[in-house]
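The block underneath contains the structure these notes are about, expressed in structure tokens.
Please treat every number below as a calculation from the coordinates, not as lab data. Being a predicted model, the structure only gives us computed values, none of them experimental. Reconstructed Cβ throughout: ideal geometry from the backbone, glycine too, with neighbour counts over all protein chains shown.
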């Protein structure tokens, strides 16, 4: 399966398609094989968390988080976005990735264990 990776070449010109090989969400449709790449999912969650930190969370709550982390409010927002973004890092494990036979075949073809 091809995912949109053409727009982000490495400076060396190498392909980075392997970054999109790991999956986070798999389509429930039986007629097509589609998935949301893990890297995209982690970035999506981090960005949503950062946006909610800035635009939704009340200032008193931001201050409380910052105090608990012993950092200023901006740093607390970055840390929270980072923590949230990493929430599904375990999905990179073979135990998770190999739940779908289609994914297992693709991962092995890419040289992953």
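What FRET efficiency would be calculated for the residue pair residue 108, residue 82, taking the C-beta separation as r and a Förster radius of 22 Å, to the nearest 0.05? Calculated value: 0.10.
Neighbouring Cβ atoms within 10 Å as the yardstick, rank 105, 56 fewest first. Spell out each step's value before the answer.
Numbers: 105 11, 56 8.
The most exposed by this proxy come first: 56, 105.
Fully extended, how many nm does the chain gain between residue 28 and residue 74 (0.36 nm per residue separation, minus their Cα-Cα distance)?
On the way: separation 46, 0.36 × 46 = 16.56 nm, distance 3.83 nm.
So the extension gain works out to 12.7 nm.
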